[in-house]
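As structure tokens, the structure follows; a few thoughts come after it.
The values are calculated or read from the model by the stated rules, or taken from the named source; none is laboratory data. Just so we're clear, the structure is a prediction, and the values are computed from it rather than from any experiment. FYI the Cβ positions are ideal-geometry reconstructions off the backbone, even for glycines, and counts take in every protein chain you see. Accessible surface is based on the protein model in full, side chains and every heavy atom, while ligands, DNA and RNA are left aside. Shrake-Rupley method; radii C 1.70, N 1.55, O 1.52, S 1.80 Å.
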Amino acid sequence: MASRCWRWWGWSAWPRTRPPPAGSTPSFRHHLSTQEKTLQICVVGSGPAGFYTAQHLLKHPQAHVDIYEKQPVPFGLVRFGVAPDHPEVKNVINTFTQTAHSGRCAFWGNVEVGRDVTVPELREAYHAVVLSYGAEDHRALEIPGEELPGVCSARAFVGWYNGLPENRELEPDLSGDTAVILGQGNVALDVARILLTPPEHLERTDITKAALGVLRQSRVKTVWLVGRRGPLQVAFTIKELREMIQLPGARPILDPADFLGLQDKIKEVPRPRKRLTELLLRAATEKPGPEQAARRAPASRAWGLRFFRSPQQVLPSPDGRRAAGVRLAVTRLEVSLMFPKDTSFPGLCHPSTPAWCCPHSPQQGVGEATRAVPTGDMEDLPCGLVLSSVGFKSRPVDPSVPFDSKLGVIPNVEGRVMDVPGLYCSGWVKRGPTGVIATTMTDSFLTGQMLLQDLKAGLLPSGPRPGYAAIQALLSSRGVRPVSFSDWEKLDAEEVARGQGTGKPREKLVDPQEMLRLLGH
């Protein structure tokens, strides 16, 4: 027998330049089983971060990736976060489906990590574990009255109209004529647009049947989006703003006084912020052209941006049973040359991002730091619905995983979880809830790259790992029935079939128990 063999991941492979040992048999070759050669990796979360991470890892020829998801269905924020009137954004599902169809990738839905299986159990079964489960919670307002009926998070509202099972029974009260959204980011604009879009324009989307029924009965005519700073600090992007300005049946309400002096200031700002602010300026100060004026003339609905206002209290109705308004502190911008090191912008960029390069930072665009400080004046804004859109945060998934509860992220360096070799993270749980799908793709590829670098450097466990075989046995013993990707495709076909009768691309299933019944689980 040859005096040496090559070692890789704990398995023996004879050098290709040498023949197998004399007398070797198929049983010898079988000993070098596929399982022993395979790099077993699992990814927790099947949203964009999870699928993009898997896509990059599958570039390694020996990698096998199992994707675990607590919902019975895949795609995370693409399915449950992207607005129903933005179907083009959901085309990325086609790419994710190709990844799932790879012979070296498997999807296992209806498995909640931290409940059905622990992270230590996953680490025992796999060479590496990547946590990509996103930001599943919202940041609280932490003001009196936010627990009143009539107040909910924008995240829950988005989940409701997009069919997220945990939000299917939300039942928002749209009987009042005014809604207030606290926040001025893209999610806030999404929610405002759905509230004000004529229901007949949503009939051909994948919005849930229940949500469409409630929106048909909605009496909301005016939506205010409230921000504590000014026009130069809004967190939405120009695409979403343009959609709002052109929204059929709705007109913008913008106070020209909020934009005084901005014409000179925007000369200094980067081009994306400049274009956005110029569009806001035109909408606020210029007389609409004939075509736009004709479109707005019959408009029965309106939306507006309220700047320099910070929520202090949700006001109760006279009987104290529900929300009836929001008390706002009037603010002004205070300029300083530098933020303290621990300054963060909740719900926007990760606090480790320098203020000068954060697109949502008050420094960005004006060359100096600005923060909102109260002037002492207050005003009350009556409304029947209050939606909080001040940012998302992740939850800790398992006691064994380090977690920064203040920032809502897993402490990491380029995706490597600090002090836990073989454990990685990607997406919003890694960097905070910021960026679009393309941002997440780049971030996830970076985590995958770091993992493969660690593999090459010999920093991951050696020897074979059982992968899903071990986890399947654990789940079976605990009465958990995973949902495979082929199972999801059956549910997908059912949704499409249900939608065809009403001219929709699909009618989403929103009850996990119904999904499992349809699959015979």
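Each Cα pair under 8 Å and six or more residues apart adds its separation to the average, and for the chain the resulting relative contact order is 22 percent.
In whole percent, and with a 1.4 Å probe on the protein chains, what portion of the accessible area of the range 267-325 is carbon and sulfur? Can you show the working numbers first?
Details: 1670 of 3400 Å².
So the carbon and sulfur contribution to the accessible surface is 49 percent.
Could you work out the Kirkwood radius for the range 410-502, taking every pair of different alpha carbons, averaging 1/r and inverting it, reported in Å? Intermediate results must be reported in sequence, preceding the final value.
Details: mean 1/r = 0.0597 Å⁻¹.
Its Kirkwood hydrodynamic radius stands at 16.7 Å.
Heavy-atom accessible surface of the chain, averaged per residue, reaches 46 Å², computed with a 1.4 Å probe.
Among the trypsin sites (Lys or Arg not before Pro) in the range 108-140, those placed in a DSSP loop whose Cβ has at most 14 other Cβ atoms within 10 Å are ARG115.
For the range 373-449, the extents of the C-alpha atoms along the principal axes are 53, 30, 26 Å, listed from largest to smallest. Kirkwood radius for the range 73-144, taken over all pairs of different Cα atoms as the inverse mean of 1/r, rounds to 15.2 Å. For a straight C-alpha distance cut-off of 20 angstrom, the lysines reachable from LYS70 (same-chain residues fewer than eight places away being disregarded) are LYS393, LYS430, LYS490, LYS508. For CYS152, the solvent-accessible surface with a 1.4 Å probe is about 20 Å², rounded to the nearest 10. So if I take the centroid of the Cα atoms in the range 186-214 and the same for the range 280-295, what is the distance between those two points in Å? What the calculation gives is 25 Å, centre to centre.
Tell me which trypsin sites (Lys or Arg not before Pro) from the range 191-259 have a DSSP coil assignment and no more than 14 other beta carbons within 10 Å of their own. Don't skip to the answer; put the middle values down first.
Details: sites: ARG193, ARG204, LYS209, ARG216, ARG219, LYS221, ARG228, ARG229, LYS239, ARG242; in loops: ARG204, ARG219, LYS221, ARG228, ARG229.
When the trypsin sites (Lys or Arg not before Pro) of the range 191-259 are filtered for loop state and at most 14 Cβ neighbours within 10 Å, ARG219 remain.
When shorter helices are ignored and each DSSP H run of at least 4 residues is given -39500 (n - 2.57), the per-residue value for the chain at 222 nm works out to -8500 deg cm²/dmol. Taking every DSSP beta bridge that has both residues in the chain, what percent is antiparallel when rounded to the nearest 5? Taking every DSSP beta bridge within the chain, about 40 percent pair in antiparallel fashion. The 1.4 Å probe gives accessible areas that order LEU164, LEU407, largest first, as LEU407, LEU164. Distant-in-sequence amide contacts of ASP206, defined by a placed amide H-H separation under 5 Å and a gap of 5 or more residues or a different chain, comprise nothing. With each label modelled as a point 7 angstrom along the Cα→C-beta vector, the SER486-THR442 pair spans 3.9 nm. Close amide H partners of SER153, meaning residues 5 or more places away or on another chain with modelled amide H under 5 Å apart, are SER388. Amide H contacts for HIS138 (H built 1.01 Å from N in the peptide plane; partners 5 or more residues away or on another chain; cut-off under 5 Å): LYS393. Each residue was assigned an accessible area with a 1.4 Å probe, and for VAL82 the value is about 20 Å².
Gyration tensor over the Cα atoms of the chain: the corresponding equivalent ellipsoid has semi-axes (square roots of 5 times the eigenvalues, largest first) of 47, 27, 20 Å.
Which distance in Å, rounded to a whole number, links the C-alpha centroids of the range 383-459 and the range 79-127? Between the Cα centre of the range 383-459 and that of the range 79-127, the gap is 15 Å. Subtracting the Cα-Cα distance of ALA293 and ASP264 from their residue separation scaled by 0.36 nm leaves 7.7 nm.
Principal-axis analysis of the Cα atoms of the chain puts helix 186-196 at an angle of about 60° to the longest axis. Between GLU379 and ARG478, the FRET efficiency from the beta-carbon distance, with R0 = 60 Å, is close to 0.65.
Charge dipole of the chain (Cα centre as origin; +1 on each Lys and Arg Cβ, -1 on each Asp and Glu Cβ, all else neutral): 1260 debye, rounded to the nearest 20.
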